[in-house]
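**Q** Can you read through this structure? Questions will come right after.
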Amino acid sequence: MAGQEIEDLVKYLARLPGLGPRSARRAVLQLMRRRESLLDPLSDALQAARDNVKTCSSCGTIDTRDPCTICTDPRRDESVICVVEDVGDLWALERAQAMKGRYHVLGGCLSALDGVGPEELNMSGLRSRCAKPEVSEIIIATNATVEGQTTAHYIMDMLDDTPLKVTRLAHGVPVGGELDYLDDGTLIAAMKSRR
Amino acid sequence: MQWTADALIIDCRPHGESSAIIDVFSRQHGRYMGLVRGGNSRRLRPILQPGNMAQVTWRARLSEHLGTMTLDAGRAYAAEALSDPLLLSGVSSMCAMLQVTSERQAHPRLYDTVMVLLEELGEAEVWLPLLVRFEMALLEEVGFGLDLSCCAATGVTTELTHVSPRSGRAVSLTAAQPYLDQLFDLPNFLLNAQAEAPLEEILAGFTLTGHFLERRVYLPIQLVLPPARQRLIDNIRRLLKN
């Protein structure tokens, strides 16, 4: 239908989450129509990201510097480390401005099905960070799924011999949630962790 | 083709952006897989956690198709287990081990064992022995059941204290004497349902079933025992130490 370069662009855009071949084609059409205002800046931004994005050697998040912006921010509480599964979870907590400490990205969670064991996750990095004297609390913010909670229990066992305070996110009724519409699992978790 | 049944969700993996392929275990149909449209959605993800019960409807044009599944949430056993490492590893281990049962073949006795176990979750002194019994039942269902009815050497039915690692048959204390270091201990609660099951005996039970599951079920299909099972055993050892 179009030249190979355009077809390639459609093909790669269609691989992104939320985009299928049709929506990718529409996006490409927009890019072609608005070359100067959209295509050129996007191309520059992609090139810059490709050249500069690194994985933080301390926490495992992605940023354009190493150590990342969060790890080098002096206003953050270095005594608290929040452990998350993926960079997306870190971004969610940052969006909510819910955490003033630092983070540690595991890069996934324990999953027998996908062959992900502790060796495949950034556990050794967490252990060495926990040994630093300034660290006093670890917040485990893994997902409330069977695999996420299995990972949380594993980390708690791993840090059992340290003097650190280890806490986990609460599970329960979401803000604005009505009991009648909640799933049974959330209700059970909420009732179990009532205070 | 269509059926509806209560089923235990034993596995769920994402398929594409929004769907999921799940593995369920029901009394009438055994282990069945199917595609759940919207299985990755915020509404369905809590229901599709391994260990939860659901009323499942499976539909396909031909029986050999993967088919699609729709679900109504049942009891959320996974949510009940999430906060307890021992329970969570127990439920995860059970779900992982059910995946060795043959697909689309009913195992009603095994299903009943699973249901009794799930009903007793929370009472560690009850569900842990039941989990060992579940593994015994699983061995039996896949054709490698242990014979604990009489001594393999002498035929006596009393004083059965050990199990042969080769034949999977019970051995009496007298016959076991020359081979004590080569035989497995036979926990008393496996012979007498009313007997108490201390944690040491439960560990002995898992050692016994683990040996036969590994040698006779997992190794021939080039798999290893589920990591969740090892975590469960580690958790029991930790309990014993404390």
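**Q** Need one number: % antiparallel among DSSP beta bridges in the range A:55-195, to the nearest 5. Can you show the working numbers first?
**A** On the way: 2 of 15 bridges.
Percentage antiparallel, nearest 5: 15.
**Q** What are the residues whose amide H is under 5 Å from the amide H of A:Asn143, where those residues sit 5 or more places off or on another chain and H is modelled from the backbone?
**A** Those lying under 5 Å, H to H, from A:Asn143 are A:Glu85.
**Q** Let's test the formula: R0 of 60 Å, r as the Cβ-Cβ distance of B:Leu180 and A:Glu7. What FRET efficiency results, to the nearest 0.05?
**A** 0.25
**Q** Got a sec? Which residues in the range B:72-86 would a label at B:Leu199 touch, if it sits 7 Å along Cα→Cβ and we count backbone N under 16 Å?
**A** Only B:84-86 fall inside the zone, counting backbone N under 16 Å.
**Q** Same structure again: What relative contact order, as a whole-number percentage, does chain A give when Cα pairs under 8 Å and 6 or more residues apart are counted? List each step's numbers first, then the result.
**A** Numbers: 219 pairs, mean separation 25.5, N = 195.
In percent, rounded to a whole number, it is 13.
**Q** Can I ask one more? Given the -39500 (n - 2.57) contribution per DSSP H run of 4+ residues, what per-residue ellipticity at 222 nm results for chain B, rounded to the nearest 500 deg cm²/dmol?
**A** Working: 7 runs with 82 residues, N = 242.
One gets -10500 deg cm²/dmol as the mean residue ellipticity at 222 nm.
**Q** Per residue, how much space in cubic angstrom lies within the convex hull of the C-alpha atoms of the range A:49-152?
**A** Values: hull volume 11.2 nm³, N = 104.
Value for the range A:49-152: 108 Å³ per residue.
**Q** Pairs of alpha-carbon atoms within less than 8 angstrom and 6+ residues apart define the contacts here; what relative contact order does chain B have, in percent? Mind showing how you got there, number by number?
**A** On the way: 429 pairs, mean separation 36.1, N = 242.
Worked out over chain B, it gives 15 percent.
**Q** Apply the Karplus curve 6.51 cos²θ - 1.76 cosθ + 1.60, θ = phi - 60°, to the phi angles in the range B:86-101 and return the couplings in whole Hz, x for Gly and Pro.
**A** After applying 6.51 cos²θ - 1.76 cosθ + 1.60, I find 5, 4, 5, 5, x, 5, 5, 4, 4, 4, 5, 6, 5, 6, 8, 6 Hz.
**Q** Per the helix-only calculation at 222 nm, which mean residue ellipticity applies to chain A, given -39500 (n - 2.57) for every DSSP H run of n ≥ 4 and division by its residues, nearest 500 deg cm²/dmol? Walk me through the intermediate numbers first.
**A** Numbers: 8 runs with 79 residues, N = 195.
That comes out to -12000 deg cm²/dmol.
**Q** Along Cα→Cβ, 7 Å out, is where each label goes; now give me the distance between the ones at B:His211 and A:Ser128 in nm to one decimal.
**A** Here the answer is 4.2 nm between the modelled labels.
**Q** Shifting gears a bit: Three principal axis extents, largest first, for the C-alpha atoms of chain B, in Å?
**A** 60, 42, 31 Å, listed from the longest principal axis down.
**Q** Another question, then. How many nm separate the modelled label positions at A:Leu187 and A:Gln30, each set 7 Å beyond the Cα in the direction of the Cβ?
**A** About 4.2 nm, to one decimal.
**Q** Which whole number in µm²/s is D for the range A:3-49 by Stokes-Einstein, with the Kirkwood Rh taken over Cα pairs at 25 °C and 0.890 mPa s? The partial results should precede the final answer.
**A** Working: Rh = 10.9 Å.
The calculation lands on 225 µm²/s.
**Q** Here is a follow-up. Taking the Cα of B:Glu103, stepping 7 Å toward and past its beta carbon, and measuring to each backbone N in the range B:52-69: which are under 19 Å?
**A** Those under the cut-off are B:56-69.
**Q** On to the next question. Grab the protein assembly as shown and count how many Lys pairs have their alpha-carbon atoms under 24 Å apart, sequence gap of 8 or more, or different chains. Could you put the intermediate results ahead of the total?
**A** Working: A:Lys54/A:Lys100; A:Lys54/A:Lys132; A:Lys100/A:Lys132; A:Lys100/A:Lys165; A:Lys132/A:Lys165; A:Lys165/A:Lys192; A:Lys165/B:Lys241.
Going through the protein assembly as shown pair by pair, I get 7.
**Q** Whose amide H sits under 5 Å from the amide H of B:Val171, counting only residues 5 or more places off or on another chain, with H placed in the peptide plane?
**A** B:Ala152, B:Thr161, B:His162, B:Val163, B:Ser164
**Q** Also, I was wondering about something else. Hey, what do the phi angles of the range A:23-32 turn into as Karplus ³J(HN,Hα) couplings, whole Hz, using 6.51/-1.76/1.60 and θ = phi - 60°, x for Gly and Pro?
**A** Going residue by residue, I get 5, 5, 5, 5, 5, 5, 4, 4, 4, 5 Hz, with x marking Gly and Pro.
**Q** Now a separate question. Taking every eigenvalue of the Cα gyration tensor of the range B:1-71, multiplying by 5 and rooting it, what semi-axes result, largest first, whole Å? Mind dumping the intermediate values first?
**A** Values: eigenvalues 62, 41, 17 Å².
Each semi-axis is √(5λ); the values are 18, 14, 9 Å.
**Q** Next question, about the same structure. Using the C-alpha gyration tensor of the range B:12-130, what are the square roots of 5 times its eigenvalues, in whole angstrom, with the largest one first?
**A** Working: eigenvalues 123, 63, 23 Å².
Over the Cα atoms of the range B:12-130, the semi-axes work out to 25, 18, 11 Å.
**Q** Could I have the simple spin-label model distance between B:Leu62 and A:Thr64, label points 7 Å from Cα toward Cβ, reported in nm to one decimal?
**A** 5.5
**Q** A further question follows. Specify, per residue and in Å³, the volume enclosed by the convex hull of the alpha carbon atoms belonging to the protein assembly as shown. Write down the numbers at each step before the final one.
**A** Numbers: hull volume 89.6 nm³, N = 437.
In the protein assembly as shown, the Cα hull volume divided by residue count equals 205 Å³.
**Q** Provide the per-residue ³J(HN,Hα) series for the range B:230-242, in order, calculated from phi with Karplus coefficients 6.51, -1.76, 1.60 and θ = phi - 60°, each as a whole number of Hz, with x at glycine and proline positions.
**A** 5, 5, 4, 5, 4, 5, 5, 4, 5, 4, 4, 5, 7
**Q** Another one. Please average, across the residues of B:39-52, the number of beta carbons from any other chain that are within 10 Å of each residue's own beta carbon, and give a whole number. Write down the numbers at each step before the final one.
**A** Details: counts 0, 0, 0, 1, 2, 1, 5, 8, 3, 1, 6, 4, 2, 4.
Across the residues of B:39-52, the mean count of other-chain Cβ atoms within 10 Å is 3.
Only the coordinates and a few stated rules stand behind these numbers; no lab work does. Because the structure is a prediction, the values reported are computed rather than measured. We place every Cβ from the backbone using ideal geometry, glycine too, and count neighbours over all the protein chains shown.
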